[in-house]
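The values are calculated or read from the model by the stated rules, or taken from the named source; none is laboratory data. As the structure is a prediction and not an experimental result, all values here were calculated from the model. Ideal geometry is used to build each Cβ from the backbone, glycine not excepted, and the neighbour counts take in all protein chains shown. What goes into the accessible areas is simple: the full protein's heavy atoms, side chains included, and nothing from ligands, DNA or RNA. Shrake-Rupley method; radii C 1.70, N 1.55, O 1.52, S 1.80 Å.
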Amino acid sequence: MKLVKKSYTAETDENLMREVIKGNNLAFSEIYDRWSKPMLNYFYKMLWQDREKAEDFMQEIFTKIIHKPQLYNPSRAFKTWIYSVANNMCKNEYRRAEVRKGTSNSLHDNIIVHDSSAPDKEHDKNIFNDRLKEELELLSENHKKTFILRFKHDLSIKDIAEILETSEGTVKSRIFYTLKKLGKNLKEFSPVAKTIMVGVCLIELVQYII
Amino acid sequence: MMEDRNRSKMDVEFYLLNRDYNELTIDELAIVKEHVESEQEFNEMKAVVMGVGNIFKEEKELEPNPAIKVALLKEFDKQQPAGAYWLNGIFVSLFPKEKKLFQKPGMQLIGLAASVLLIVTIAFNGNTEMNNSTLAQNEDFKTEEEAFEEHSKIEKDQANEEKNLEKNDLQSTFELIEKEIEVATLNEVEIEEKPESVENKVTTTDFMYDAQPIESEDADLSSVSDADYRRNDNILNESEESFNNGISKDKEKGAMSDDKLVISAITPATAEVVEEFSMEDDEGYFAEDVSVAGALVTGNNSIDLPVNTRTLAEDSDLIGILYTAM
């Protein structure tokens, strides 16, 4: 007679989900330990950096796993499956947000409005980071999702395509487009731009002296 | 540069992350040129990629609230039919990872048990009085001093007994020796001399004090009535009568050797007294060992007395058995 259940720390996500479908609570606990943090941070990024909303969504996604584990197809990678579920939840939330925006006629509280009236801090690295975050928030949902999945969650083009239910070419295009747009918007921080700026300043200084 | 797990060398991202524009080879430049129009655009995109990487690395990741897991596990257990209870399930519930050390139920239970144990120990520590009627008591109780005195008394008694025994033994031995000397000096021993001997000498000695030979004229072995002349190795073959009467004459004196005689002067009290001496024909005094009642008298007049001597009466049982056996 077994007294102690076996440990699931070495099991793959797919095997764990098979156990979850059978009703194994330790397997579910292990799945939660692995994926609760990435899901929370994904929702936090995608849902306007609202922690409470992100936690609600994270809880909701695991509740779905509890109540309808059979929705998961074990032949598919769990990672792409859980991100695609999260992505669909975000889509629904964007729609609801659109409806709310139409009725309240106001910006989302968490959207950070860029204040460009601080040119003296533009050379600071922290300013660059702040500006980049702002620019990311201003991206369209699809571009933002693709960009975050690619650069924050470090997923492959193929996985992202599967999660977003689109082609790999589309994912590549979205990533390239986002990089180009952000580069243009933040070109004052690029090394070439800095060199040009320094050159212009020097020319102006020489002219002033002469 | 190492190829990224999710980025191949066919992706522009790879070159944006790993190369400067002027470091690109012709082939790499051809790949980059498909997507990037100019060096400036390449540098702008590179700045974004590098900046994004730093942002996401430096960004502090959120930790989920532990209460969510507890709620989800409860939800899961509700959903599933009640199954077997596993010991590690108990352990997980007693020591959940997400709670702090002192918030864990297991730690709280351990602390409670320790407190109860401490209280019980303190409460019952002074209450050592017990009902004497229920206990076995040692009425013959002796203090340590009394026990020591008793022990020393017993030791003294034993020592006295041993001393008395030794004293008695020595006394009996001395008595035996004295009697033997008396016998040796008073009795005249006549030794049948050979025809060619010049003097008929009987050599005896007060071997306790003087080893000088004593000459006695007209010694005649036939006149000796209370002396038992025997060979040293035939002592045990003596007749029972000779032992009981104390005096017997050995008819086999003729077989006695010339140079060694054994004179057994037996009195009722000293039945076992045996003299052994060597008699030289010419000189007639002891030249070799003389033994008296087991005491060894050497030629240089010293006597080695054994510690224990036994009388014939003491060995009568043994002798009886011996004769029966014979």
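What the table below lists for this structure:
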| read-out | value |
| --- | --- |
| Unmet requirement for B:Lys33, which otherwise passes all of (1) open to solvent by 30 Å² or more (accessible area, probe 1.4 Å); (2) within 7 Å of chain A (Cβ to nearest Cβ) | (2) |
| Options A:Met58, A:Met17: the member that is crowded, with 21+ Cβ neighbours inside 10 Å, away from chain B (no Cβ under 11 Å) and in a helix (DSSP H, G or I) | A:Met17 |
| Helices (runs of 4 or more DSSP H) lying entirely in the stretch A:127-192 (those with 1 or more residues that are out of contact with any Lys or Arg (no Cβ under 8 Å at 6 or more places or on another chain), more than 10 Å from chain B (Cβ to nearest Cβ) and of a type in the set (Ser, Thr, Tyr)) | A:168-185 |
| Hey, A:Ile111 open to solvent by less than 70 Å² (accessible area, probe 1.4 Å), part of a loop (DSSP other than H, G, I, E, B) and modelled with pLDDT under 80 or not | yes |
| Residue in the stretch A:65-77 that is surrounded by the most Cβ atoms within 10 Å (Cβ to Cβ), counting only those that are touching a helix residue (DSSP H, G or I) at 6+ places or on another chain (Cβ under 8 Å) and within 11 Å of chain B (Cβ to nearest Cβ) | A:Ile65 |
| Single match in B:Ser115, B:Ser152, B:Ser172, B:Ser197 (criterion: surrounded by 11 or more Cβ atoms within 10 Å (Cβ to Cβ), among the small types (Gly, Ala, Ser) and modelled with pLDDT of 80 or more) | B:Ser172 |
